[in-house]
Amino acid sequence: MLKILSIDGGGIRGIIPAMVLAEIEKRTRKPVAELFQLIAGTSTGGILTLGLTKPGSNGKPQYSAAEMIDLYEKEGKVIFSRSFLHRLLALGFILREKYPARGIETILQKYFGNTRLKEALTEVLITAYDTEGRDSWFFKSSEAVDEAGTDFFMRDVARATSAAPTYFAPAKVQTAALVDYYSLIDGGVFANNPAMCAYVEAIASRRGVKEDILVVSLGTGELTRPLPYIKIKHWGARWAQPILDIVFDGVSDTVDYQLRQLLPPAKDGSGRYYRFQVRLERDNDQMDTTAHGQIHLYKLLAEKLVQERGRDLDELCKLLVRNPLSRDNIANRQRVESIKNIRLGT
């Protein structure tokens, strides 16, 4: 069975899928990187993906899902911080991005250092959008192994995928390719839920291999706040941030619908597609609110989700540990060991 994990974008709300993953690691007693052959992420989901597949000194993942929760609890205020002067010059977010990049870049340097994309402990797929080439962009660890021009620093990949328009400036990612840099923004503008991208990638890269596919998709909260016609009909430029939320939410829901049709339960009744998502009530759907009370609320929502979907989690965890490594995953492990030996000079 080919096992795929996908993690949505959603800013600080990434603490929700991080907590679900911590529960999966607790129940299986295995790190996420050993449970899935392909992990896809957008924005905050991309940061989680890279964090959970970054190798430590012992060849195992440096961070557990529980440790990645700390990124939101302890580092959120640094990521989403701005001085009074920046707030004044930006006029909120009208004249420039809402937050300077200094905060998020400091945290990404802290967590990822000089680790490169090719070193990921399992295959990863991270989305972004190229503003100059005007095209969707996919960072793939499988390509980074063979093509030096696509082997970016993990910190740069994380910066690019999380450069949400109006929140952060585009990422200027240096490259060894013929062009000297790429201008990239948040992949959520076309794939806030990257599960379909991961599914298609798996099918395309394993052409001719008949293999069952299991997709686990983790959301960061479904929006429910209404936008009454009477209030929005004359918004004009005020649509800037609301339309981003609508795009992100709409894309996620559409992909969920598509995969439910493509991956119905197997003949034995076991699931082939699992989507874990919470509903966000009015005033609880911000991507950049770092107040302690708001973080606590997101953690409560994640705990409630784990409790309500306990049976599904039990079934899923059995599927994740029951199936032996596929030949693809075995090859990937060998690749990782080769990279590790190169780094150690052996």
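The values are calculated or read from the model by the stated rules, or taken from the named source; none is laboratory data. In this text the structure is predicted, and so the values were computed from the model without any measurement. Quick reminder, even Gly has a Cβ in these numbers, built from the backbone with ideal geometry, and neighbours come from all protein chains shown. When the accessible area is computed, the model is the full protein with side chains, heavy atoms only, and any ligands, DNA or RNA have been set aside. Shrake-Rupley method; radii C 1.70, N 1.55, O 1.52, S 1.80 Å.
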The distance between the Cα centres of region 193-252 and region 103-172, in whole Å, is 20
Segment Lys304-Thr106, length gained on full extension (0.36 nm per residue, minus Cα span): 68.0 nm
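Filter Lys26/Lys299; Lys118/Lys172; Lys118/Lys299 down to the pairs with a C-alpha to C-alpha distance above 25 Å, please.
Lys118/Lys299
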Accessible area (Å², 1.4 Å probe, nearest 10) - Val145: 50
For Lys30, list the lysines whose Cα falls under 19 Å from its own Cα; do not include residues on the same chain fewer than 8 positions away. Lys3, Lys54, Lys60, Lys318
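Quickly estimate the mean residue ellipticity at 222 nm for the chain, helices only: each DSSP H run with n ≥ 4 gives -39500 (n - 2.57), and the total goes over all residues, rounded to 500.
-14500 deg cm²/dmol
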Please sort through the DSSP H helices of the chain and keep those with an alpha-carbon extent of at least 27 Å along the long axis and a Kyte-Doolittle average not below -1.0. 240-262
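What is the local net charge at Ser64, summed over the other residues whose Cβ is closer than 11 Å to its Cβ (Lys, Arg +1; Asp, Glu -1)?
0
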